[in-house]
Protein chains: 6
Amino acid sequence: MPYVNIRITREGATKEQKQELISGVTMLLRDILGKNPATTFVIIDELDTDNWGIGGETVTELRKRKD
Amino acid sequence: MPYVNIRITREGATKEQKQELISGVTMLLRDILGKNPATTFVIIDELDTDNWGIGGETVTELRKRKD
Amino acid sequence: MPYVNIRITREGATKEQKQELISGVTMLLRDILGKNPATTFVIIDELDTDNWGIGGETVTELRKRKD
Amino acid sequence: MPYVNIRITREGATKEQKQELISGVTMLLRDILGKNPATTFVIIDELDTDNWGIGGETVTELRKRKD
Amino acid sequence: MPYVNIRITREGATKEQKQELISGVTMLLRDILGKNPATTFVIIDELDTDNWGIGGETVTELRKRKD
Amino acid sequence: MPYVNIRITREGATKEQKQELISGVTMLLRDILGKNPATTFVIIDELDTDNWGIGGETVTELRKRKD
C-alpha cells in the first residue's frame with residue numbers, strides 16, 4: 001500500500017501525461033516490490049514557479065534568464 | 001505539538017465539514033495522546049481528481065466509469 | 001481515498017494508542033466526508049525531539065526547561 | 001541536496017518575499033551544514049485559511065475573532 | 001526539478017530494489033515530462049507497520065490476520 | 001503559524017547544527033513574513049543515503065564514486 005507524492009512545477013503537464021505518470025509509477029512498485037496496485041496512491045502536486053526555489057532562486061527567475 | 005496533514009480529492013468538502021474535521025482530529029490527539037490543542041496543526045490539501053491516482057488510474061477516470 | 005499523515009515527537013506513544021488514532025481518524029473521515037475506510041491511509045511519523053522545533057528551539061530544550 | 005517545504009497560509013506573501021525566503025533558507029543550509037545551493041530545493045505551499053487549523057479551529061475563524 | 005517521495009512499509013526492501021525504484025521513477029519523469037534527471041530527487045520513507053493504517057487498522061494487525 | 005519540513009541525508013548533523021537551523025529558519029519567517037515564532041514548527045527529517053536518490057542513483061553510490 002505505497003503512497004507516492006510527485007511534486008513538479010506547474011508548466012503545462014497534460015491530463016494524459018499525468019495519467020501516464022500515475023500508471024508508470026504504480027507498475028514500477030508492483031514490478032520491483034510486489035506492491036498491490038489496488039492500494040497504491042500516486043498524488044501529483046503542481047506548484048507555481050514563484051513557489052519553487054533551486055540554487056537560491058525561484059524557477060520563475062531561472063526560466064527568464066534562460067530565454 | 002502534532003502536525004496533521006489530510007489530503008483529499010477536491011470534490012466539494014464544505015467549510016463546515018473542514019472545520020469539523022479539524023476540530024475532530026485535534027480532539028482525538030488530545031484524548032488519546034494528551035496533546036495540547038493550542039499547538040496542534042491540522043492542514044487540509046484538496047487535490048484535483050486528475051492529480052490523484054489509485055490502482056494505476058486517475059480518480060477522474062474512476063468516477064467516470066462509476067457513472 | 002484520503003491520505004492522512006500525523007507527525008508527532010517520539011515520546012512513548014504505544015502500539016495501542018497508535019491503533020486508536022488510526023481508527024479514530026478513519027472514522028472521522030467516514031462520518032464527516034463519507035470517505036471509504038478501505039482506501040483511507042493514516043500514517044504516523046514519530047520524530048526525535050532534537051529534530052522538532054517550535055518557537056525557534058528544539059523540543060529537547062523545551063522539555064529540559066520544564067523539568 | 002536538501003529538500004525544504006515551507007507551508008504557510010495564503011495571506012498575501014509577495015513574489016519578492018517568497019524569493020527572499022528561498023534564498024535565505026538556501027544560505028542557512030549552506031552556512032550551517034555545508035549543503036550545496038545548486039541542489040537545494042525550497043518549495044512553498046500557500047494554503048487557504050479554511051484549510052488550516054490550529055487549536056481546533058480554522059485560521060479563517062481565528063482571523064475573524066481578532067478583528 | 002521534480003521531487004518524488006515514496007512511502008512504503010518497512011518490510012525488507014533491499015538496497016538494490018531501492019536503487020531500481022529511484023532510477024525507474026527518474027526515467028519515467030524524463031520520458032514523460034522531459035524532466036532533467038540531474039535535478040530529480042526521489043526519496044524513500046520506510047515506515048514501521050505499527051505506524052501505517054489502512055481500513056482503520058495497522059498493517060501489523062492486517063499481516064497477523066493474513067497468516 | 002508556518003510549518004517547515006527540512007529533509008536532509010543522515011550524514012552527521014549535530015544537535016547544535018539542528019538547533020541553529022531551527023532557530024535560523026524561524027527568524028527568517030518572522031523577519032520576512034512577520035510570522036509568530038511561538039507557532040512556527042520546523043521539523044527535520046534525516047534520511048539514510050540508500051533512501052535518497054538524485055540523478056537516478058542513490059546518494060550512497062554518489063558518495064562512493066567521489067571517494
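The values are calculated or read from the model by the stated rules, or taken from the named source; none is laboratory data. Being a predicted model, the structure only gives us computed values, none of them experimental. Cβ placement follows ideal geometry from the backbone for every residue including glycine, while neighbour counts extend to all protein chains displayed. These area figures cover heavy atoms from the full protein model, side chains too; ligands, DNA and RNA do not enter into them. Shrake-Rupley method; radii C 1.70, N 1.55, O 1.52, S 1.80 Å.
Restricting attention to the range F:13-46, the residues being out of contact with any helix residue (DSSP H, G or I) (no Cβ under 8 Å at 6 or more places or on another chain) and either modelled with pLDDT under 95 or more than 7 Å from every other protein chain (Cβ to nearest Cβ) (or both) number 4.
Residue by residue through the range D:46-60, note down the ones that are charged (D, E, K, R), surrounded by fewer than 19 Cβ atoms within 10 Å (Cβ to Cβ) and either touching a strand residue (DSSP E or B) at 6+ places or on another chain (Cβ under 7 Å) or more than 14 Å from residue B:44 (Cβ to Cβ) (or both).
At the first step, the residues of the range D:46-60 found to be charged (D, E, K, R) are D:46, D:48, D:50, D:57.
Filter once more, keeping what is surrounded by fewer than 19 Cβ atoms within 10 Å (Cβ to Cβ): D:46, D:48, D:57.
If the condition is that a residue be charged (D, E, K, R), surrounded by fewer than 19 Cβ atoms within 10 Å (Cβ to Cβ) and either touching a strand residue (DSSP E or B) at 6+ places or on another chain (Cβ under 7 Å) or more than 14 Å from residue B:44 (Cβ to Cβ) (or both), then D:46 is the only one that fits.
For the range B:13-36, which residues satisfy the criterion of being open to solvent by 30 Å² or more (accessible area, probe 1.4 Å) and either of a type in the set (Ser, Thr, Tyr) or part of a strand (DSSP E or B) (or both)? Correct list: B:14, B:23.
The set of residues from the range C:1-14 being under 18 Å from residue B:2 (Cβ atoms) and in contact with a strand residue (DSSP E or B) (Cβ under 7 Å, 6 or more places away or on another chain) comprises C:2, C:3, C:4, C:5, C:6, C:7, C:8, C:9, C:10, C:13.
Here's a check for you: in the range E:15-45, which residue that is touching a residue at least 12 places away in the same chain (Cβ under 8 Å) and touching a Lys or Arg at 6+ places or on another chain (Cβ under 6 Å) is farthest from residue A:2 (Cα to Cα)? Steps first, please.
Restricting attention to the range E:15-45, the residues satisfying the condition of being touching a residue at least 12 places away in the same chain (Cβ under 8 Å) are E:18, E:21-22, E:25-26, E:29, E:33, E:35-36, E:39-45.
When the remaining residues are screened for being touching a Lys or Arg at 6+ places or on another chain (Cβ under 6 Å), the result is E:29, E:44-45.
Details: E:29: 18, E:44: 10, E:45: 10 Å.
Out of the qualifying residues, it is E:29.
Residue F:21 meets each of the listed conditions (1) under 15 Å from residue D:30 (Cα atoms); (2) out of contact with any strand residue (DSSP E or B) (no Cβ under 7 Å at 6 or more places or on another chain); (3) not β-branched (Val, Ile, Thr) apart from (2). What about residue C:24, is it in contact with a Ser or Thr (Cβ under 8 Å, 6 or more places away or on another chain) and of a type in the set (Gly, Ala, Ser)? No; evaluated as a whole, the condition is false for this residue.
Within the range D:5-12, can one find any residue that is in a helix (DSSP H, G or I), more than 7 Å from every other protein chain (Cβ to nearest Cβ) and crowded, with 17+ Cβ neighbours inside 10 Å?
Kept after step one, since they are in a helix (DSSP H, G or I), are these residues of the range D:5-12: none.
Within the range D:5-12, not a single residue is in a helix (DSSP H, G or I), more than 7 Å from every other protein chain (Cβ to nearest Cβ) and crowded, with 17+ Cβ neighbours inside 10 Å.
Taken as a whole, the structure places residue F:63 among residues that are part of a helix (DSSP H, G or I), among the basic types (Lys, Arg), closer than 19 Å to residue E:43 by Cα and open to solvent by 10 Å² or more (accessible area, probe 1.4 Å).
Residues in the range F:47-63 include none that are without any contact (Cβ under 8 Å) to a residue 60 or more places away in the chain and more than 14 Å from chain E (Cβ to nearest Cβ).
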